[in-house]
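The values are calculated or read from the model by the stated rules, or taken from the named source; none is laboratory data. In this text the structure is predicted, and so the values were computed from the model without any measurement. Cβ placement follows ideal geometry from the backbone for every residue including glycine, while neighbour counts extend to all protein chains displayed. These accessible areas exclude ligands, DNA and RNA; they are computed on the full protein's heavy atoms, side chains included. Shrake-Rupley method; radii C 1.70, N 1.55, O 1.52, S 1.80 Å.
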Amino acid sequence: MTYAYWVRDNGGVWTELSATVQIRRDHNPTYAEVLFLLHQEAAHLLADQDHHFFEGLVPSADPLSDTPRYEMLLGS
């Protein structure tokens, strides 16, 4: 799973970064398990950011893929 996040430097410039999380399970994980694993992996990257509280998941269509895609909404 790959996700993108934005980081603001000391000069106020925002830069988009991405990170990859590998989920290894012996069964298909539930959405809650995926969200929990993503939280565990991303928490250290987002802890000092303004928007870091989970507010929800929104389906995000990708016409070139059959893989489900979601946008995670974070608030402060």
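Comparing ALA61, ALA43, ALA19 in a Gaussian network model of the chain where C-alpha atoms under 10 Å apart are linked, the largest mean-square fluctuation is found at ALA61.
Under the convention that each Lys and Arg Cβ holds +1 and each Asp and Glu Cβ holds -1, the size of the dipole of the chain around its Cα centre is about 120 debye. Residue by residue, the stretch 12-25 carries 3J(HN,Hα) couplings of x, 8, 8, 10, 8, 10, 9, 9, 10, 10, 9, 10, 10, 9 Hz when phi is fed to the Karplus relation 6.51 cos²θ - 1.76 cosθ + 1.60 (θ = phi - 60°); x denotes Gly or Pro.
Note down the relative contact order for the chain as a percent, whole number, built from C-alpha pairs under 8 angstrom at least six residues apart.
Numbers: 77 pairs, mean separation 15.3, N = 76.
Reported as a whole number, the value is 20 percent.
Ligands, DNA and RNA are left out, and with a 1.4 angstrom probe the accessible area of the chain is 82 Å² per residue.
Compute the angle between helix 31-46 and the longest alpha-carbon principal axis of the chain, please, reported from 0 to 90 degrees and rounded to the nearest 10. The helix 31-46 is inclined about 20 degrees to the chain. Shown for the chain: the carbon plus sulfur share of the solvent-accessible area, taken with all protein chains present and a 1.4 angstrom probe, equals 53%.
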